[in-house]
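Read through the structure below, which is laid out as structure tokens, and then see the notes.
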Amino acid sequence: MVKQNDTNRVARILLIIAALAIITGGIHQAKAVLEWILVAVFLAAIGTPSVLWLEEKRIPYVVAVALVVTGMAAIIVVIGLFVGTSLNSFYADLPGYQARLQKHIASLYAFLASKGITIITDSFLIDQVKPEVVRSVISSLLKGLGSAFFEMIFILLTVVFILLEASSFPVKLRAILGDPQKDFHPFMRFVYDINRYMVIKTMVSLVVGVLIGVWLSVLGVDFPILWGFLAFLLHYVPNIGAFIAAVPAVFLTLIQLGFGHAVLAATGYLAVDIVLGNIVEPILMGRRLGLSTLVVILSLIFWGGLLNLIGVVLCIPLTMTVKFACENNESTRWIAVLLGPEMTPAQSPPASAKAADHD
């Protein structure tokens with residue numbers, strides 16, 4: 001009997017793994033559409049508190065939705081204009097940065113030569129410092145901004161409909177399940193947690209972007225708005241986002257202003273990440289995300305590979321959603337345990353419970 005139960009359990013696990021592989025393949029094939037939907041859901045989650053606040057001020061719900069979405073559109077347009085202008089200027093100034101970098105490299109080699117260290121391949125290395133790759137990336141980004149503008153129109157329309165339909169969703173779900181008294185408290189709590197995470201993360205990311213932009217502006221680094229926006233966007237990326245955001249800005253500071261200013265720029269990034277990312281943000285979140293550190297890293301790789309930049313930015317909410325879905329099904333609860341935080345031996349199921357599973 002125990003052997004048959006073990007066989008059935010293995011078969012269920014294999015079936016679940018096969019289903020996950022099929023779902024993953026479907027997501028990959030439909031990622032262009034899913035990216036739009038995920039961005040719309042993300043913006044709707046951020047805008048919901050503002051809509052509810054306006055409704056409390058006796059503003060009609062439809063008008064509140066229109067005001068919030070209009071505000072979002074205005075912010076996106078302003079950010080797009082500033083970032084697009086910065087990218088265009090950076091693209092035009094790349095040859096000048098190449099010349100400065102070559103000058104710094106030549107100075108470094110001269111310094112090493114004065115210490116008796118001779119590098120024969122200096123001219124080869126200098127010749128390899130070319131901005132073509134960076135120019136190609138920036139050129140594609142500038143072209144993408146134009147198409148992104150039209151895509152954003154459809155995304156904002158989707159946000160409008162999500163916000164308008166949000167209040168009736170529980171009623172529709174009860175009608176589908178045929179139970180008017182169905183309790184959705186666990187689900188609503190999960191939605192609240194996800195919404196709270198997104199709002200807090202966005203607010204902290206906004207402060208990070210502003211502080212980085214102001215600090216680089218004080219130092220005299222070119223394009224502080226661009227680097228502030230990059231810091232804002234990459235703060236959503238767990239663990240490594242701050243480092244990735246700092247690299248191009250610090251490197252540009254090194255080329256433009258020298259080693260001392262580059263150290264100051266890096267110190268600013270480090271201070272902002274320590275204070276906001278590791279102290280303020282955990283306090284505001286109030287509790288752990290319910291995910292292990294390893295799962296956070298793996299989710300970053302998995303969702304990033306599956307959905308590109310959107311997957312990287314939303315890897316935590318997406319993984320939390322998968323974990324919640326697995327927790328509420330007996331056959332997939334083991335997946336939720338694997339995705340959950342680290343457990344001590346004292347937290348593992350008692351032996352009696354394990355024995356009961358084999359009966």
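What follows draws every value from the coordinates through simple rules; no lab data is involved. Note that the structure is a prediction, hence the values are computed from the model and not measured. Here Cβ is always computed from backbone atoms with ideal geometry, including for glycine, and neighbour counts include all displayed protein chains.
Miscellaneous remarks
- Model label sites at N278 and R333, defined 7 Å from Cα along the beta-carbon direction, differ in position by 3.7 nm.
- Here the label points at S114 and E56, each 7 Å from Cα along the C-beta direction, are separated by 6.5 nm in the simple model.
- Using θ = phi - 60° and Karplus 6.51 cos²θ - 1.76 cosθ + 1.60, couplings along region 296-302 (whole Hz; Gly, Pro as x): 4, 5, 5, 5, 4, 5, 5
- Rounded to whole Hz, the Karplus (6.51, -1.76, 1.60) HN-Hα couplings of region 190-197, x for glycine and proline: 5, 4, 4, 4, 5, 4, 5, 4
- The residues K103, K323, when put in order of fewest to most other Cβ atoms within 10 Å, stand as K103, K323.
- Taking label positions 7 Å along the Cα-Cβ direction at both M285 and N308, the computed distance is 2.8 nm, reported to one decimal.
- Derived scalar couplings ³J(HN,Hα) [region 53-58; Karplus, 6.51 cos²θ - 1.76 cosθ + 1.60; whole Hz; x for Gly, Pro]: 5, 5, 5, 5, 7, 6
- Taking amide H positions as modeled 1.01 Å from N, with prolines and chain starts lacking one, no residue 5 or more places away or on another chain lies under 5 Å from V237.
- Label point 7 Å beyond Cα of I297 along Cβ direction - residues of region 228-257 with amide nitrogen under 15 Å: 238-241
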